[in-house]
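Undergrad: Dropping a structure here in C-alpha cells format, bear with me for questions.
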Amino acid sequence: MDFEGVPEVPECGMSNFEPDQLAIASLVGAEVVQVPSTASLQDVAARMNEDGISAVGVGDETLVGVITERDIVRAVAIGSDPLTPAIELAETNLFWTDPESTVAEVAEEMMTRWIRHVFVGQPGNLVGIVSMRDLLVAYVDIAPV
C-alpha cells in the first residue's frame, strides 16, 4: 500500500512497556471535567463538544456519576428533554481502580464488564479517568512492528 501524503502518527512515548507491569495511573491524562448534577443535558453536550471529550464527571463537590457521548445519543434518540438534569442520565455505578493496578488488569476488567471508562483512585479522591481509547493508544504504541 502507498501511504504517501498520510501524516505520521505521533509516538506516545511508552515504547518497550509491558502492560502487566505498567501502572494504570501512567495513562491518566488531563484533569477530569466535572459538571454540577443540576447541569442540563444540553449544557453537558455543549461542554463535551467545547472540550473535545467523550465523557464528563457529574457531581457537585465529589464525583457521583458520569455521562458519556453514548448517553447523550441515547437521550436524544428517546426524545429526552434537553433541560433534563445531568444526574438523571448519569451512570452512578462507577468502576474504580487503584492507581497501581496494571494496564493489563484494567484492560481485562473493562472487557469483562463492557465498560469504556475507568475511574482511577477512589470515591472522594479521583486521580483521573482512563478510557478505552487511552488503552488502545498504549497498546498500539507497544505493538510489535
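The values are calculated or read from the model by the stated rules, or taken from the named source; none is laboratory data. Source: prediction; values computed, not measured. We place every Cβ from the backbone using ideal geometry, glycine too, and count neighbours over all the protein chains shown.
Undergrad: Looking at GLU100, is it among the acidic types (Asp, Glu), within 19 Å of GLN21 (Cα to Cα), part of a loop (DSSP other than H, G, I, E, B) and out of contact with any Cys (no Cβ under 7 Å at 6 or more places or on another chain)?
TA: yes
Undergrad: For region 26-66, name all the residues that are in a loop (DSSP other than H, G, I, E, B), in contact with a strand residue (DSSP E or B) (Cβ under 8 Å, 6 or more places away or on another chain), β-branched (Val, Ile, Thr) and more than 16 Å from TRP96 (Cα to Cα).
TA: VAL33, THR38
Undergrad: Is one or more of the residues making up region 67-79 under 22 Å from ALA25 (Cα atoms), modelled with pLDDT of 90 or more and either assigned to a strand (DSSP E or B) or not hydrophobic (A, V, I, L, M, F, W, C) (or both)?
TA: Checked region 67-79: at least one residue is under 22 Å from ALA25 (Cα atoms), modelled with pLDDT of 90 or more and either assigned to a strand (DSSP E or B) or not hydrophobic (A, V, I, L, M, F, W, C) (or both).
Undergrad: Using the structure shown, decide if GLU108 is part of a loop (DSSP other than H, G, I, E, B), among the acidic types (Asp, Glu), within 22 Å of GLN122 (Cα to Cα) and over 15 Å from the mean Cα position of the chain (by Cα).
TA: Taking the combined requirement at face value, the residue does not satisfy it.
Undergrad: Only one residue in SER101, SER80 is surrounded by 15 or more Cβ atoms within 10 Å (Cβ to Cβ), touching a residue at least 40 places away in the same chain (Cβ under 8 Å) and of a type in the set (Ser, Thr, Tyr). Which one?
TA: SER101
Undergrad: Related question: Test each condition in (1) surrounded by fewer than 16 Cβ atoms within 10 Å (Cβ to Cβ); (2) farther than 24 Å from ALA23 by Cα; (3) modelled with pLDDT under 95 for GLY59 and report the one that comes out false.
TA: In the conditions (1) surrounded by fewer than 16 Cβ atoms within 10 Å (Cβ to Cβ); (2) farther than 24 Å from ALA23 by Cα; (3) modelled with pLDDT under 95, GLY59 misses (1) alone.
Undergrad: Test VAL44 against the stated conditions and say whether it is surrounded by 16 or more Cβ atoms within 10 Å (Cβ to Cβ), in contact (Cβ under 8 Å) with a residue 12 or more places away in the chain and either under 25 Å from VAL137 (Cα atoms) or of a type in the set (Ser, Thr, Tyr) (or both). Full working, then the answer.
TA: Values: surrounded by 16 or more Cβ atoms within 10 Å (Cβ to Cβ): yes; in contact (Cβ under 8 Å) with a residue 12 or more places away in the chain: yes; either under 25 Å from VAL137 (Cα atoms) or of a type in the set (Ser, Thr, Tyr) (or both): no.
In short, no.
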